[in-house]
Amino acid sequence: MRLPLSTPTPTRESQIDVKPFTVNLHFHTDLDFFLGSIGRPGHIERRLTEKTSIKDIIESCGVPHPEVDIIRVTGQIVGFDHTLEEDANIEVFPVGNRETIPTEKRLQTSQVMAFVADGHLGKLTRSLRLLGLDVAYEQKANDRQLLDVMTSENRALLTRDRRLLMHSIVQHGYCPRSQKPDEQTIEVVRRFDLSDLIAPFTRCLRCNTPLEEAAKAEIIDKLESLTKIYYDQFRRCPGCKQIYWSGSHFSKLQKRIEEIRSWARGKA
Ligand SMILES: [Zn+2]
């Protein structure tokens with residue numbers, strides 16, 4: 001899908017004439033996922049006729065600001081508020097790059113432990129909840145509702161809608177590159193450094209509430225007859241009352257979780 005590129009918004013000082021100038025942008029590692037396929041991979045050249053904020057020029061290339069961790073303008077590390085007014089070479093790095101740059105100069109943090117996923121990421125949501133991770137999800141939520149939950153509950157936004165990720169109130173967010181839920185799960189665990197938080201089977205897959213241990217005697221009248229016979233350990237969701245036990249699918253799930261874990265760790 002080709003997205004229309006936005007026009008950089010002139011900064012307040014843009015009325016003052018500047019000589020036309022050229023900026024060369026180099027987007028490192030997987031940030032070229034967001035670029036069109038014209039020219040050299042990862043490179044974009046722009047001719048500008050007025051002062052322009054670096055955040056606007058980066059987003060006009062299709063790269064949402066929550067994906068940008070480090071910006072270097074002709075060797076100097078800058079923030080999103082930097083204004084361009086003369087020829088420059090701009091390097092843009094995603095989170096998880098191998099550059100040795102002090103953490104205080106980075107624009108993103110990996111210290112986010114709660115998420116809100118958009119309506120198209122139901123399978124990713126389920127997969128993250130299976131790992132015990134906190135993901136708010138409402139299939140029919142509109143953009144405004146997603147942004148409200150993100151802000152009021154201090155969650156990072158997970159969406160493949162890069163326009164939404166570019167919204168100025170989004171502080172933390174991520175656009176899964178893959179369309180496959182298992183690969184998306186690994187991407188999110190790596191991006192936010194979540195390996196140590198993984199606690200499988202501790203969260204309700206349906207409503208995100210942390211599960212509680214449930215004594216068999218308390219729930220026995222809700223179980224099917226074979227489950228009553230074969231299983232003794234149960235967990236219950238205090239939110240939606242769903243009951244969980246390690247059924248026949250359990251070992252398959254556990255194997256998948258181990259795979260996700262080792263991938264996320266191995267590539268970190
Ligand atoms: Zn529940």
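The listed residues are 212, 224, 218, and the only one of them that is within 16 Å of the ligand (Cβ to nearest atom) and either of a type in the set (D, E, K, R) or without any contact (Cβ under 8 Å) to a residue 40 or more places away in the chain (or both) turns out to be 212. When residues in the range 178-207 are screened for being aromatic (Phe, Trp, Tyr) and within 16 Å of the ligand (Cβ to nearest atom), 1 of them pass.
In this structure, residue 178 qualifies as without any contact (Cβ under 8 Å) to a residue 12 or more places away in the chain, within 30 Å of residue 80 (Cβ to Cβ) and touching a helix residue (DSSP H, G or I) at 6+ places or on another chain (Cβ under 7 Å). Residues in the range 92-109: is at least one under 24 Å from residue 259 (Cβ atoms), in contact (Cβ under 8 Å) with a residue 60 or more places away in the chain, among the β-branched types (Val, Ile, Thr) and part of a loop (DSSP other than H, G, I, E, B)? There is at least one residue in the range 92-109 that is under 24 Å from residue 259 (Cβ atoms), in contact (Cβ under 8 Å) with a residue 60 or more places away in the chain, among the β-branched types (Val, Ile, Thr) and part of a loop (DSSP other than H, G, I, E, B). Exactly one residue out of 157, 164 is crowded, with 16+ Cβ neighbours inside 10 Å, of a type outside the set (Asp, Glu) and in a helix (DSSP H, G or I): that is 164.
Screening the range 110-129 for residues that are in contact with a helix residue (DSSP H, G or I) (Cβ under 7 Å, 6 or more places away or on another chain) and in a helix (DSSP H, G or I) and picking the one that is surrounded by the most Cβ atoms within 10 Å (Cβ to Cβ) gives 128. Quickly run through the range 43-73 and pick out the residues that are more than 22 Å from the chain's Cα centre (by Cα), more than 21 Å from residue 105 (Cβ to Cβ) and surrounded by fewer than 22 Cβ atoms within 10 Å (Cβ to Cβ). Hits for the range 43-73 are 43, 45, 46, 47, 48, 49, 50, 51. When you scan the range 247-263, do you find a residue that is among the β-branched types (Val, Ile, Thr) and touching a strand residue (DSSP E or B) at 6+ places or on another chain (Cβ under 8 Å), even just one? No: zero hits. For the range 255-268, the set of residues classified as farther than 18 Å from residue 127 by Cα and either among the hydroxyl-bearing types (Ser, Thr, Tyr) or not in a helix (DSSP H, G or I) (or both) consists of 267, 268, listed by residue number.
Might you let me know whether the range 204-219 holds any residue that is crowded, with 16+ Cβ neighbours inside 10 Å, at pLDDT below 90 and over 17 Å from the mean Cα position of the chain (by Cα)? Looking through the range 204-219, at least one residue is crowded, with 16+ Cβ neighbours inside 10 Å, at pLDDT below 90 and over 17 Å from the mean Cα position of the chain (by Cα).
Filtering the range 231-254 to residues that are away from the ligand (no atom under 16 Å from the Cβ) and either outside any helix (DSSP H, G or I) or surrounded by fewer than 12 Cβ atoms within 10 Å (Cβ to Cβ) (or both) leaves 231, 232, 233, 246, 247, 248, 249, 251, 252.
The values are calculated or read from the model by the stated rules, or taken from the named source; none is laboratory data. Fair warning: this is a prediction, and the values are worked out from it, not measured in the lab. Virtual Cβ from ideal backbone geometry, glycine too; neighbours counted across all protein chains shown.
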